[in-house]
Amino acid sequence: QVQLVESGGGLVQAGGSLRLSCAASERGFTMAWARQAPGKEREIVAAITRAATNSNTADSVKGRFTISRDNAKNTIYLQMDNLKPEDTAVYYCAASAGYSEPSLYSWTYHYWGQGTQVTVST
């Protein structure tokens, strides 16, 4: 069972930045960041392959969010810039056991962290 622990969430004003981190107990997975706002479905916002050779970003955050990883530390990151109130959500880290491509479909991810709250104020 892969353990994923997120950190870095908090309260920020609109237009500000945050960087989320996710430490994994094992290496070698395609990884992703997802978010879920109250009353909405969980959506994958960014994904990255095991070797960081390819990544994918949802249209809703394209140009503002950047996913990266440091395999020496078994950690992935989500740099979030120009944050908007609609980015307010619980952000989750996810790992895929069987997919090598940076999928934006939630069902392709098998392991999930507990989440970290991001709140963007006006």
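So which residues in segment 1-10 are open to solvent by 30 Å² or more (accessible area, probe 1.4 Å) and closer than 13 Å to MET80 by Cβ?
Taking segment 1-10 and keeping what is open to solvent by 30 Å² or more (accessible area, probe 1.4 Å), we get 1, 3, 5, 7-9.
Of everything in segment 1-10, those that are open to solvent by 30 Å² or more (accessible area, probe 1.4 Å) and closer than 13 Å to MET80 by Cβ turn out to be GLY8, GLY9.
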Checklist entry - Say we look at segment 71-122 and pick out the residues that are without any contact (Cβ under 8 Å) to a residue 40 or more places away in the chain and among the hydrophobic types (A, V, I, L, M, F, W, C); which of these is surrounded by the fewest Cβ atoms within 10 Å (Cβ to Cβ)? => result ALA72
Checklist entry - Looking at segment 30-57, which of its residues are outside any strand (DSSP E or B) and either aliphatic (A, V, I, L, M) or surrounded by 14 or more Cβ atoms within 10 Å (Cβ to Cβ) (or both)? => result ALA37, ARG42, THR49, ARG50, ALA51, ALA52
Next on the checklist: Under 8 Å between Cβ atoms, which residue pairs at least 6 apart in sequence (or on different chains) link something in segment 9-31 that is in contact (Cβ under 8 Å) with a residue 24 or more places away in the chain and within 17 Å of TYR111 (Cβ to Cβ) with a partner that is surrounded by 15 or more Cβ atoms within 10 Å (Cβ to Cβ) and of a type in the set (Phe, Trp, Tyr)?
Outcome noted: LEU20/TRP33; LEU20/TYR77; LEU20/TYR91; SER21/TYR77; CYS22/TRP33; CYS22/TYR77; PHE29/TYR111; THR30/TYR99
Checklist entry - Can you tell which of VAL61, VAL2, VAL12 is more than 21 Å from ALA97 (Cβ to Cβ), part of a loop (DSSP other than H, G, I, E, B) and hydrophobic (A, V, I, L, M, F, W, C)? => result VAL61
Checklist outcome for this item: When segment 11-47 is checked residue by residue, the ones that are over 11 Å from the mean Cα position of the chain (by Cα), within 21 Å of LYS84 (Cβ to Cβ) and of a type in the set (Asp, Glu) are GLU41
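The values are calculated or read from the model by the stated rules, or taken from the named source; none is laboratory data. Note that the structure is a prediction, hence the values are computed from the model and not measured. Please note: Cβ atoms are built from the backbone with ideal geometry, for glycine as well, and neighbour counts cover all protein chains shown. The area values use the complete protein model at the heavy-atom level, side chains included, leaving out ligands, DNA and RNA. Shrake-Rupley method; radii C 1.70, N 1.55, O 1.52, S 1.80 Å.
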